[in-house]
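Heads up: the structure comes next, in C-alpha cells.
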Amino acid sequence: MNWRRWHWLNDITLPLLAAILRLCWMWPWLQLIQRWLTPSYQGNLLSPWQIIGLLLGGMAMTRWVLGRSWSIARARAWIAGTGIGILFGLLWWLFARAGYAFWDVRWLIALGQTLIRWQVEVPPPLITLLAAAYLWLRGVLDGRLPLTHERVWGTFASGFLILALLLLIGSSDPSGLPAGTEQWTLTFFAVGMAALALSSLEVARQTGRGDAEKQPRLSRYWLVSVLSVIAVLLGVGLLLSALVTPEAIARAFGWSSALLRILGMALYYTVFAVAYVVFLVLTPLIHWLQSLVSSAPRTEPIQMPDFQKQLEEISRNPGPTLPPAVGETARWFGVIGLIVAIALAFALALRRFWGNGAEEVEETRELILSRDLLGEQLSSLWRGWVDRLRWAPRKALSPFLPLDGEPQTRRVIRALYQALLMAAKERGLPRLRGQTPVEYAQALSAAVPDSGEPLSVITQGYLQARYDLEPPSAERAEEVRRAWERLRATLEAWHDDTSPGPDA
C-alpha cells in the first residue's frame with residue numbers, strides 16, 4: 001500500500017462502506033446475543049463507532065504493515081501485538097475505567113476473575129472480547145487485498161444471509177426482534193447498493209484505463225443518478241412491504257378456501273377407501289401371526305440394572321476431588337490460552353507477506369469442441385512425445401511470469417526486476433523458493449557490499465508495479481532503471497573481485 005498517494009475510492013470510501021455493511025448486521029446480532037446470554041447487563045457490549053473502528057483499524061494497520069520493508073515475522077508480531085493491545089484497551093474502557101487507571105494491573109486481575117467465575121450468565125467482557133477479536137481479524141483479512149467488486153459483492157451477500165437468519169430467529173423469539181432492526185436492514189440495503197455501484201465504477205475505470213476517452217468519470221450527475229435509483233428502489237420496497245402484509249395475502253386467497261376444502265375432502269375419502277381395502281386383506285394375516293406368537297414359549301424378560309440406585313451410591317461416595325487451587329489455576333490457564341489463540345489468529349491472518357496480494361486475473365474460458373480441433377490437439381501431443389523420445393532440442397521456458405498486456409510502466413519495472421534475478425542467479429545468488437522480495441533484497445545486500453540503496457529502490461518499485469492498483473508513474477520507472485544501472489555495475493565489480501584469477 002503506497003500511503004503517499006491515497007485513492008479516495010479504494011482506500012477510504014469502499015472500506016468505510018464495507019465496515020458499515022458489517023455494522024448493520026453485527027449490531028442487531030449483538031443485541032440478540034446480549035438478550036439471550038447476559039440479560040441483566042444494561043449497557044452495550046460494543047457501540048457502533050467501536051465496531052467500525054475495529055474493522056477499519058485492523059484494515060489500516062494491515063496495509064501500513066504491508067507497506068513497510070519488514071520480514072513476515074516482524075509484520076505478524078506488529079499485527080498480533082497491536083490487536084491484543086487494542087482489545088485490552090477496549091475492555092478497560094468498557095468495564096474497568098470507572099474503578100482503575102489503565103496502568104493499574106489490578107483491573108486485569110479483576111477482569112480475569114470475572115472471566116473465570118460465572119455460573120448463570122455469560123460475563124459481558126467475554127462476549128465483547130470474542131466479538132472485538134472477530135472484528136479486528138476481519139479487518140486484517142480485508143486489509144490484505146484491495147476491495148474489488150467481487151469482494152464487495154461477497155460482503156453484501158454474506159451480510160444478507162446473516163440478516164435473513166437474524167429475522168428468522170428473532171421472529172420466533174418471544175421478545176421479538178431487537179430494537180431498530182428495521183432501520184439497520186434498510187441502511188444495509190442502501191449502503192450495499194451504493195458500494196456495489198462504486199465498485200462497479202472502479203471496474204469500468206480499470207477496463208478503460210488504456211483509452212482515456214472511454215474512462216467513465218465520476219460527476220455529480222452520476223452520483224445523483226445512483227442515489228436516485230437507490231432511493232426509488234428502497235421506496236418501492238417499503239411500499240410493497242406495507243401493502244403485501246399477511247392479512248392482505250389472506251384476503252387475496254380467501255376465494256380459494258372453498259375449492260381447497262373440496263379437494264381436501266376428496267383426498268380424505270380416497271385415502272380412507274384405499275386403507276379400508278388394504279386392511280381388509282391384511283386382517284386375516286395379522287390374526288394368524290398373533291396366534292403363532294401366543295403359542296410360542298415365553299421367555300423371562302432381561303433384567304435391566306437399577307441405574308438410579310447406582311447413581312445414588314456414586315453420589316454418596318464421590319471419591320477423591322481436586323484441590324481448589326488446581327481448579328483455579330486451570331481456569332486462569334484457560335483464559336491465557338484464549339488470549340494466546342486470539343493473538344495467533346491475528347498473526348496467521350497474514351499467511352504470507354505479500355503472498356496474497358497478487359493481482360486478480362480475469363479469465364474467460366470457452367469450450368469449443370470439434371473434430372478438427374481434437375485431431376489437431378492429438379497430433380500436437382504425438383509430435384511432442386516423438387520429439388521428446390528423439391531428444392530434440394527444445395526452447396527453454398522462461399522462469400518468469402509473462403508481461404503481455406501490462407501497462408508500460410509496470411512492464412518496464414517488472415522486466416528490470418527479472419533482469420536483476422537473472423543476473424544475481426548467474427553470479428551464484430539465486431532467489432530461494434518461498435523467499436519474499438523484501439527478504440531476498442536483505443539477503444542480497446548482505447552478500448554484495450554497496451548494493452543496499454539501489455536494491456531498496458528496485459524492490460519497492462517492483463512491489464508497487466506488482467501489487468498496487470494504480471500503475472507506477474514514468475518517473476518511478478526511470479528511478480528504478482537508474483538504480484538497476486548502478487546495481488548492475490556493483491554486481492559486476494563484486495563478481496570480478498570474488499572470482500578466482502587464471503593463476504588461482
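The values are calculated or read from the model by the stated rules, or taken from the named source; none is laboratory data. No experiment lies behind these values; they were computed from the predicted model shown. Because the Cβ atoms are built from the backbone with ideal geometry, glycine has one as well, and the counts that use them run over all protein chains shown. To get the accessible areas, we keep the full protein, side chains included, count just its heavy atoms, and leave off ligands, DNA and RNA. Shrake-Rupley method; radii C 1.70, N 1.55, O 1.52, S 1.80 Å.
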In Å², rounded to a whole number, the accessible area per residue of the stretch 99-173 with probe 1.4 Å is 51 Å²
VAL271 and ALA423 label points (each 7 Å along its Cα→Cβ direction) are spaced in nm at 8.5 nm
Across every pair of different alpha-carbon atoms, what Kirkwood hydrodynamic radius in Å does the stretch 406-504 reach? 14.0 Å
Using only Cα atoms, locate the centre of the stretch 142-204 and the centre of the stretch 415-485, then give the distance between them in Å, rounded to an integer. 42 Å
Could you please report the charge total around MET59, scoring K, R as +1 and D, E as -1 over all other residues with beta-carbon less than 10 angstrom from its beta-carbon? +1
Order 458-468, 338-348 from most to least packed using the mean count of other Cβ atoms within 10 Å. 458-468, 338-348
Quickly rank 182-188, 162-168 as a protection proxy: mean count of other C-beta atoms within 10 Å, highest first. 182-188, 162-168
State, to one decimal in nm, how far the label point of ILE336 lies from the label point of TRP288, with both points 7 Å from Cα in the Cβ direction. 7.7 nm
Of the listed peptides 122-131, 266-275, what is their order by residue-averaged count of other C-beta atoms within 10 Å, with the highest listed first? 122-131, 266-275
Stretchable slack from THR329 to ASP496, in nm (0.36 nm times residue separation minus alpha-carbon distance): 53.7 nm
For ALA60 paired with TRP103, estimate the spin-label separation in nm (one decimal), with each label point 7 Å from Cα along the Cα-to-Cβ line. 2.5 nm
Volume in Å³ per residue [convex hull over Cα atoms, computed for the stretch 1-144]: 125 Å³
For the stretch 52-57, just list the computed ³J(HN,Hα) in residue order, Karplus coefficients 6.51, -1.76 and 1.60, θ = phi - 60°, integers in Hz, with x standing in for Gly and Pro. 5, x, 5, 5, 6, x
Semi-axes a, b, c in Å (a largest) for the stretch 29-95, each sqrt of 5 times a Cα gyration tensor eigenvalue, come to 31, 12, 9
